[in-house]
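Written out below as structure tokens is the structure these notes cover.
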Amino acid sequence: EFARERVTLAEGTVEQLAPITFTPTEAGSFVFTASVSSDTGEQLLANNSRHFPLQVDADAIGVLYLEGFLRYEYKYLKNRLEDDPDVSLVSVVRRTNPERVDLASGETLITPARLENLDLVILGDMEGDYLSEGEYEALKNWVDEGHALLVLGGYYSFGADGFRNTPLASVLPVVFSNDGVEQSEEPFILNLTQYGRQHPIFEITGDSVNDLTFWNTAPQLLGSSLVARAKAGAEVLAVNPNITIDG
């Protein structure tokens, strides 16, 4: 029983509205029953209850997407996130001027207070100095607390002046390459690892065999960011099968 209300009917009253409110504590699809009982020994009980469905949605996933350049990745990812009713998206892309015009008023994009309302932060292709030292520290601490960070590869973010020289490097699952080659422009079809075949991010049909066939015959990707290796404890979900670095 979620809620109860006592109602006293005045003499001669045919209908009376009795609002009952309750706050669901679990997301999902439910069927609730509203029923009445009487102290007067009512004989006809068939119409004393009514079933009604209720869809309870969880709070929307809070997402902050920062992108350094207008590119296809930003366009399509932003559109997809905006179309999802379960996602509450705030997106910021740097304008043509490389200076941070969005911060002309002195506003800081990433603060501990703003991160409290977020579940996911996405960082696109940007130089390492796009964010300040304080913003990186706030983001690093937020990730250390167990929140989700998605870093998209790119010529700048994984380049010589990218994230490798920021506090964020310590929480990323890769070791950056030091040989001066940070990007491959060779097209390839990604190859799922054993972890990747079991990971829900690559699920499409619900059938693991069909899904693997789909990914093995998917259109080619046009390049990849190069790193030295994955850190200990990181799970590699997919690789570029044409390139091997440090084994």
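The values are calculated or read from the model by the stated rules, or taken from the named source; none is laboratory data. Please read these numbers as outputs of a predicted model, since none were measured by experiment. Glycine also receives a Cβ, built like all others from the backbone with ideal geometry; neighbour counts cover every protein chain displayed. SASA here: full protein model, heavy atoms, side chains in, ligands and nucleic acids out. Shrake-Rupley method; radii C 1.70, N 1.55, O 1.52, S 1.80 Å.
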Q. Can you find a residue in region 49-69 that is among the polar types (S, T, N, Q), without any contact (Cβ under 8 Å) to a residue 24 or more places away in the chain and surrounded by 10 or more Cβ atoms within 10 Å (Cβ to Cβ)?
A. yes
Q: Kindly indicate which of E82, E127, E107, E67 is over 21 Å from the mean Cα position of the chain (by Cα), at pLDDT 90 or above and of a type in the set (D, E, K, R).
A: E127
Q: Filter region 63-90 for residues that are among the acidic types (D, E) and over 25 Å from G128 (Cβ atoms) and give the result.
A: E82, D83, D84, D86
**Q.** Residues within region 188-211 that are under 15 Å from V239 (Cβ atoms) and over 26 Å from the mean Cα position of the chain (by Cα), tallied
**A.** 1
**Q.** Condition met for L222 (touching a Leu at 6+ places or on another chain (Cβ under 7 Å), at pLDDT below 95, within 23 Å of I122 (Cα to Cα) and aliphatic (A, V, I, L, M))
**A.** no
Q. In contact with an Asp or Glu (Cβ under 8 Å, 6 or more places away or on another chain), surrounded by fewer than 12 Cβ atoms within 10 Å (Cβ to Cβ) and not polar (S, T, N, Q), is that true of I243?
A. yes
**Q.** Criterion: in contact (Cβ under 8 Å) with a residue 40 or more places away in the chain, over 20 Å from E235 (Cβ atoms) and of a type in the set (A, V, I, L, M) - qualifying residue of L118, L139, L152
**A.** L118
Q: Examine region 26-38 for a residue that is open to solvent by 100 Å² or more (accessible area, probe 1.4 Å) and more than 26 Å from Q55 (Cα to Cα), and state whether such a residue exists.
A: yes
